[in-house]
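Heads up: the structure comes next, in structure tokens.
The values are calculated or read from the model by the stated rules, or taken from the named source; none is laboratory data. Please read all numbers here as calculations on a predicted model, not as lab measurements. Ideal geometry is used to build each Cβ from the backbone, glycine not excepted, and the neighbour counts take in all protein chains shown.
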Amino acid sequence: MPGRGPPRSLPLLVVALLACHMVGATDLSDATLFARKPVSEQLPLHHPRLTQTCGPDPASPEQVHLSLAGPGAIAFNWVTARQGRASSMFWSLGRRVARAARTLGKYHCKGVSSVQYGFASGDYTGRVDGRAPACYSVDDYDSGVLHEVIVGRGAEGPLPANTTVYYRVSGAREGVWGEESSFVTPPPLGVDSLPYRLGVVGDLGQTEDSLSTLEHLVATDPQSVVLVGDLSYADGDHRRWDAWARMVSPLTSRWLWMFTEGNHERERARGVPDWLAYTTRFHLPHASAGSASPLYYSYDVAGAHVVMLGSYTDHDAHSEQAAWLAADLAAVDRARTPWVVVTMHAPFYSSNLAHLGEGEPMRAGMERLLNQHGVDVVFAGHVHAYERSLRVVDGQLDDCGPVYINIGDGGNREGPDTRWLDRPRWSAWREPSFGHGALDLLNATHAVWTWRRNADAIRAQGPQHAADSVTLVRTDCSLGDAGLAAAR
Ligand SMILES: [Fe+2]
């Protein structure tokens, strides 16, 4: 079966050739002497990066977010202001009347959701209309109109691979359109599409440090991005969801950004469904991945199968999520997508005192599946520091285990987590500085991981400019019998 590792009694030569190899395996570093910034406050809501910037017309669309919605399909999510809402006059009449007025305001949660697109600037040869938009209200907050359109899944047919698509999304009134933007569709699935660069960010928030992370990410120029949870740190203030989406929109409107949920996406307020903003504002392609929950799903891109796991839903060995993961990993065609990347929010392995042990129940329930199916790399966040492991299985160094990378250092308002345990043997590099990373999948067997700290100068991507860089070589376990034959 592709992806399942062969017995470990492989000929020594093959093991020597293909066994897990971390360039710089002795690169143990605490980098504790590095000067770190203190905690930074959240940007004020009137900060220019957090305010509507899509034009003077209040009907202009904003907060555009692109994501992969399946093979050849792209999801467009964006927001427009509710039009014609006259509830403000009711506010002076008291809370009960105001609430009734907002109920009436739901009538105004409407508008056409349309995307015009084409393959040359200004030449829109296609148009796709979406479903009826959504809205929600929490206390005295009314969301804007939340639009979603999926292009490439309907009669228009899948979008061509590796192609620049120019597009604009509809505004709140007929005839109003947003400014044109563009993105490049993913390359065809398969190893022939490598190299491919995946940007990785965690625990981003909305501070000056978050902006620095985004600036550095622009220089990295990834082909798509995964954000491993804790997006906005809105924590019940839903204006902060709008502010965060505006902050990231210059990037989320031109690259595909895939999310997994963190604890800060959970609403935990009376009368408010869990994950309300997270699951209403963004497309989470669980249905196309055979997952019953938006809190875990997977997708393929270029030569990688990427699995987005949910740390905050059932995750023991007998859970629905574990059953889904087992089926998902068993179905991976390693000849087509040789790299298997898993993300989650709460890490299985961390030697930081912050959130110590929080990922342990999920590790106990699901680590076995990752090892059994030869997962190559696991990204997590939650701990606001950077840490990279050697290959590890059940706490012990093991050539057949994944490399675990914690990258919860996107720059949120809670600041870096600076307290460490004594270094375990599996911990290869750890540093409580803000930054981001990139995984360059070079071919079927080799990849380069780089971590870049915000305090360093913004430079073009490259291992020579990274604070931490390592070459990952797929193991004999990850390659499986078919992979080994091909590698020979
Ligand atoms: Fe978190």
- prompt: Restricting region 402-435 to residues that are within 30 Å of C477 (Cα to Cα) and within 15 Å of the ligand (Cβ to nearest atom), which is surrounded by the most Cβ atoms within 10 Å (Cβ to Cβ)?
  reply: G408
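Each row is one residue, and each column tells you yes or no for (1) part of a strand (DSSP E or B); (2) not acidic (D, E).
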{"position": "M362", "(1), (2)": "no, yes"}
{"position": "L370", "(1), (2)": "no, yes"}
{"position": "H384", "(1), (2)": "no, yes"}
{"position": "N406", "(1), (2)": "yes, yes"}
{"position": "N412", "(1), (2)": "no, yes"}
{"position": "W429", "(1), (2)": "yes, yes"}
{"position": "D440", "(1), (2)": "yes, no"}
{"position": "T450", "(1), (2)": "yes, yes"}
- request: Scan region 267-284 for residues that are out of contact with any strand residue (DSSP E or B) (no Cβ under 8 Å at 6 or more places or on another chain), modelled with pLDDT of 95 or more and in a loop (DSSP other than H, G, I, E, B) and report the count.
  value: 1
- prompt: For residues in region 236-262 being within 16 Å of the ligand (Cβ to nearest atom) and under 24 Å from H315 (Cβ atoms), which is surrounded by the most Cβ atoms within 10 Å (Cβ to Cβ)?
  reply: T260
query: Just wondering, is there one or more residues in region 148-166 that are within 30 Å of G411 (Cα to Cα), touching a residue at least 12 places away in the same chain (Cβ under 8 Å) and out of contact with any Asp or Glu (no Cβ under 6 Å at 6 or more places or on another chain)?
result: yes
field: Residues satisfying the stated conditions in region 233-266, i.e. farther than 21 Å from V64 by Cβ, assigned to a helix (DSSP H, G or I) and not polar (S, T, N, Q)
entry: H264
query: Has region 173-195 got any residue that is under 22 Å from S469 (Cβ atoms) and either more than 16 Å from the ligand (Cβ to nearest atom) or out of contact with any Phe, Trp or Tyr (no Cβ under 6 Å at 6 or more places or on another chain) (or both)?
result: yes
A335 being part of a loop (DSSP other than H, G, I, E, B) and without any contact (Cβ under 8 Å) to a residue 40 or more places away in the chain: no
task: Name the residue, out of D409, D468, D440, that is closer than 21 Å to P338 by Cβ, of a type in the set (D, E) and touching a strand residue (DSSP E or B) at 6+ places or on another chain (Cβ under 7 Å).
output: D440
- prompt: What about E179, is it touching a residue at least 12 places away in the same chain (Cβ under 8 Å) and either of a type in the set (A, V, I, L, M, F, W, C) or not in a helix (DSSP H, G or I) (or both)?
  reply: yes
- prompt: Regarding G130, is this residue free of Cβ contacts under 8 Å to residues at least 60 places away in the same chain, in contact with a Ser or Thr (Cβ under 7 Å, 6 or more places away or on another chain) and farther than 30 Å from D235 by Cβ?
  reply: no
statement: Flagged in region 196-235 as within 16 Å of the ligand (Cβ to nearest atom) and of a type in the set (K, R), in numbering order, are none
